[in-house]
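Below: one structure, written as structure tokens.
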Amino acid sequence: MVRAALAAAASADPRDVPVGAVVFDADGRELARAANAREAFGDPTAHAEVLALRRAAQVHGDGWRLEGATLAVTLEPCTMCAGALVLARVERLLFGAWEPKTGAVGSLWDVVRDRRLNHRPQVRGGILEDECAALLDAFFHGRR
Ligand SMILES: [Zn+2]
């Protein structure tokens, strides 16, 4: 699933930081995928996770409630995306690289596992971490 997110990241606009996200339903079928498109859309909220969750909700039988769904992302989500996946009732989050500067799923904050929330997704980070980090390194290295 994280490998699919890597493929989504690779499809990002060349101006955008290559982060990819894919949503799968409870049976493991892909519902939607997206790449970060903040530059391409000129939209500060156009992170891969938010775009993928929106698209998934449009094709999912239960509307906006993505119960049983898995969100796979190449990079640890930020506060906005962590909040969005809790609101979407995503069951499980899988991500690749850790993001010590802005990560909100264990690095800087832990938004999704706050005990005060009544919905807390399962989380696994560091999956294909090296490959996910290498994609980002190549992007930032290429810009310098
Ligand atoms: Zn985000």
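The values are calculated or read from the model by the stated rules, or taken from the named source; none is laboratory data. What you see is a predicted model; the values in this text were computed from it and never measured. Every residue, glycine as well, gets a Cβ built from its backbone with ideal geometry; the counts of neighbours run over all protein chains shown. Heads up: the accessible areas ignore ligands, DNA and RNA and are worked out on the full protein's heavy atoms, side chains in. Shrake-Rupley method; radii C 1.70, N 1.55, O 1.52, S 1.80 Å.
For n ≥ 4 DSSP H runs only, could you compute -39500 (n - 2.57) per run for the chain, divide by its residues and tell me the 222 nm figure to the nearest 500? Can you show the working numbers first?
Working: 5 runs with 49 residues, N = 144.
Calculated mean residue ellipticity at 222 nm is -10000 deg cm²/dmol.
Solvent-accessible area per residue for the range 41-144 at a 1.4 Å probe radius, Å²? Before the final figure, lay out each step's value.
Values: 5730 Å² over 104 residues.
Using a 1.4 Å probe on heavy atoms only, each residue of the range 41-144 averages 55 Å².
Under a plain spin-label model, where a point goes 7 Å from the Cα along Cα-to-Cβ, how far apart in nm are LYS101 and ASP13?
If labels sit at LYS101 and ASP13, their model points lie 2.0 nm apart.
Between GLU49, GLU39, GLU76, where does the largest GNM mean-square fluctuation fall for the chain, given springs only between Cα atoms within less than 10 Å?
GLU39
Which whole-number percent gives the relative contact order of the range 1-108, counting Cα pairs below 8 Å spaced six or more residues apart? Intermediate results must be reported in sequence, preceding the final value.
Values: 255 pairs, mean separation 25.4, N = 108.
In percent, rounded to a whole number, it is 24.
Roughly how many percent of the accessible protein surface of the chain is carbon and sulfur, given a 1.4 Å probe and a whole-percent answer? Walk me through the intermediate numbers first.
Values: 3740 of 7500 Å².
For the chain, the apolar C and S fraction of the accessible surface comes to 50 percent.
Counting residues in the chain as N, plug N into 2.2 N^0.38 Å and put the Cα Rg over that result. Mind showing how you got there, number by number?
Working: Rg = 13.9 Å, N = 144, 2.2 N^0.38 = 14.5 Å.
Cα-based Rg divided by the globular estimate yields 0.96.
Give me the distance in nm between label points sitting 7 Å out from Cα along the Cα-to-Cβ direction at ALA40 and GLU131, one decimal.
2.0
Quote the charge dipole size of the range 3-106 about the Cα centre in Debye, to the nearest 20; the model charges only the Cβ of Lys and Arg (+1) and of Asp and Glu (-1). Before the final figure, lay out each step's value.
Working: 11 positive and 13 negative charges, 5 e Å.
Roughly 20 debye for the range 3-106.
Can you tell which of ASP62, ASP110, ASP16 shows the greatest fluctuation in a Gaussian network model of the chain with Cα springs below 10 Å?
ASP62
Running Debye on the range 1-52 with equal point scatterers at the Cα sites and no solvent, what base-10 log of I(q)/I(0) appears at q = 0.26, 0.31 Å⁻¹?
-0.87, -1.11
Between the range 1-50 and the range 55-118, how far is it from one alpha carbon centroid to the other, in angstrom?
What the calculation gives is 13 Å, centre to centre.
Given the Cα-Cα distance of LEU87 and ARG120 and 0.36 nm per residue of separation, how much length would full extension add, in nm? Don't skip to the answer; put the middle values down first.
On the way: separation 33, 0.36 × 33 = 11.88 nm, distance 1.00 nm.
Length difference between fully extended and current span is 10.9 nm.
GNM, the chain, Cα, under 10 Å: largest mean-square fluctuation among ARG38, ARG113, ARG29?
Maximum fluctuation in the GNM of the chain, among the listed residues, is at ARG29.
With Cβ to Cβ distances under 12 Å as the rule, what net charge do the other residues near ALA52 carry (K, R +1; D, E -1)? Spell out each step's value before the answer.
Working: positive: ARG33, ARG54, ARG55; negative: GLU30, GLU49.
Residues close to ALA52 contribute a combined charge of +1.
Under the 0.36 nm per residue contour assumption, what length would be gained going from the current alpha-carbon distance of GLN58 and THR79 to full extension?
Working: separation 21, 0.36 × 21 = 7.56 nm, distance 2.29 nm.
Difference between extended and current length: 5.3 nm.
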